[in-house]
Amino acid sequence: MDSESLLLSLELASGSGQGLSPDRRASLLTSLLLVKRDYRYDRILFWGRILGLVADYYIAQGLTEDQLAPRKTLYSLNCMEWSLLPPATEEMLLQTSVVSGRFMGDPSHEYEHTELQKMNDGDKVFEEEVVIQIKEETRLVSIIDQIDKAVAIIPRGALFKTPFGPTHVNRTFEGLSLSEAKKLSSYFHFKEAVELKNKTLLEKADLDPSLDFMDSLEHDIPRGSWSVQMERGNTLVVLRSLLWPGLTFYHAPCTKNYGYIYVGTGEKNIDLPFML
């Protein structure tokens, strides 16, 4: 959710029981403005909160003028002091895939993982137990990246792509109509397209290259991983992810108000295919 409309956005997303205390809201309003100024971001989004056993991680993301350029991620434990996280790498994702359970809430906390590695001693080959230590900060980077790629979404028309490549905020976007807002095909993943490149020319014939340049939610796997609900007398559309419980997207049809927030434990619902 955009930091410039933070209070309204939190109010619209509150139907899922995801809110912040008044002092946290006041701290965020002030500190995110300073972060935007100091890091010279075009926009800054309040991404959400990952719940820990000792403390919670508050997450924000900075966007440059090109909206699909890699986003810079920051975290805070008190909504006032923000620290920049490194970009996620394949090595990080592989390393943290063995860690499960709740976050502690301490970036310096280290998880221990024991694995067997083959060792050579002359002609002999034997297996030895090696203890690998993984920092919680590394796991935080990995989980945020996974959630962004899987369930960060945006309504169709909110961004447009110029012929020269960069993607900008569409200032003429006035919201989806009520009928369109109820369809999963009206929402895109907020990232570079992956599945779109595999479509045939015939399937791309009806697409507008300036608007339909991201992957649609309607073909997400597993099918049924999104819950679409109308709230407040059909004046608010709410999408909730069943794959990453805690991710809520909201959009008020025929207005510019939209956004998403994640408030959860950072754990993926790996049993979802068996629950549908």
message: So Arg102 passes all but one of these: (1) out of contact with any Ser or Thr (no Cβ under 7 Å at 6 or more places or on another chain); (2) at pLDDT below 90. Which condition number does it fail?
response: (1)
- request: Report the residue count in region 138-179 for those that are open to solvent by 70 Å² or more (accessible area, probe 1.4 Å), among the acidic types (Asp, Glu) and touching a strand residue (DSSP E or B) at 6+ places or on another chain (Cβ under 9 Å).
  value: 0
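Given the criteria closer than 26 Å to Phe213 by Cα, open to solvent by 60 Å² or more (accessible area, probe 1.4 Å), at pLDDT below 90 and more than 18 Å from the chain's Cα centre (by Cα), does Glu91 qualify? Write out each step before concluding.
Values: closer than 26 Å to Phe213 by Cα: no; open to solvent by 60 Å² or more (accessible area, probe 1.4 Å): yes; at pLDDT below 90: yes; more than 18 Å from the chain's Cα centre (by Cα): yes.
No: the conditions fail for Glu91.
Would you call Arg40 more than 20 Å from Ala252 (Cβ to Cβ), in contact (Cβ under 8 Å) with a residue 60 or more places away in the chain and either of a type outside the set (Phe, Trp, Tyr) or open to solvent by 60 Å² or more (accessible area, probe 1.4 Å) (or both)?
Working: more than 20 Å from Ala252 (Cβ to Cβ): yes; in contact (Cβ under 8 Å) with a residue 60 or more places away in the chain: no; either of a type outside the set (Phe, Trp, Tyr) or open to solvent by 60 Å² or more (accessible area, probe 1.4 Å) (or both): yes.
No; evaluated as a whole, the condition is false for this residue.
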- request: Can you confirm whether region 189-211 contains a residue that is in contact with a Pro (Cβ under 8 Å, 6 or more places away or on another chain), buried (at least 19 other Cβ atoms within 10 Å of the Cβ) and modelled with pLDDT of 85 or more?
  value: no
task: Return the total of residues in region 11-32 being closer than 24 Å to Ala252 by Cβ, without any contact (Cβ under 8 Å) to a residue 60 or more places away in the chain and within 21 Å of the chain's Cα centre (by Cα).
output: 10
- request: Please go through region 233-250 and pick out each residue that is among the polar types (S, T, N, Q), over 19 Å from Ser185 (Cβ atoms) and open to solvent by less than 10 Å² (accessible area, probe 1.4 Å).
  value: Thr248
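Anything in region 110-137 that is open to solvent by 60 Å² or more (accessible area, probe 1.4 Å) and outside any strand (DSSP E or B)? List them, or say none. Let's see the steps before the verdict.
Of all residues in region 110-137, those open to solvent by 60 Å² or more (accessible area, probe 1.4 Å) come to 110, 112, 114-129, 131, 133, 135.
Of everything in region 110-137, those that are open to solvent by 60 Å² or more (accessible area, probe 1.4 Å) and outside any strand (DSSP E or B) turn out to be Gly122, Asp123.
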message: Is it the case, given these coordinates, that Tyr58 is surrounded by fewer than 20 Cβ atoms within 10 Å (Cβ to Cβ), among the aromatic types (Phe, Trp, Tyr) and closer than 20 Å to Thr265 by Cβ?
response: no
- prompt: For region 56-84, how many residues meet the condition of being out of contact with any Asp or Glu (no Cβ under 7 Å at 6 or more places or on another chain) and outside any strand (DSSP E or B)?
  reply: 12
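In the list Leu45, Leu28, Leu6, which residue meets the criterion of being of a type in the set (A, V, I, L, M, F, W, C), more than 29 Å from Ser108 (Cα to Cα) and open to solvent by less than 20 Å² (accessible area, probe 1.4 Å)? Outline the logic, then answer.
Values: Leu45 fails: more than 29 Å from Ser108 (Cα to Cα); Leu28 fails: more than 29 Å from Ser108 (Cα to Cα).
Step by step, each of Leu45, Leu28, Leu6 is checked, and only Leu6 is of a type in the set (A, V, I, L, M, F, W, C), more than 29 Å from Ser108 (Cα to Cα) and open to solvent by less than 20 Å² (accessible area, probe 1.4 Å).
The values are calculated or read from the model by the stated rules, or taken from the named source; none is laboratory data. What you see is a predicted model; the values in this text were computed from it and never measured. Positions of Cβ are backbone-derived with ideal geometry, glycine not excepted, and every protein chain shown enters the neighbour counts. Calculation scope for accessible area: heavy atoms of the full protein, side chains included, ligands and nucleic acids excluded. Shrake-Rupley method; radii C 1.70, N 1.55, O 1.52, S 1.80 Å.
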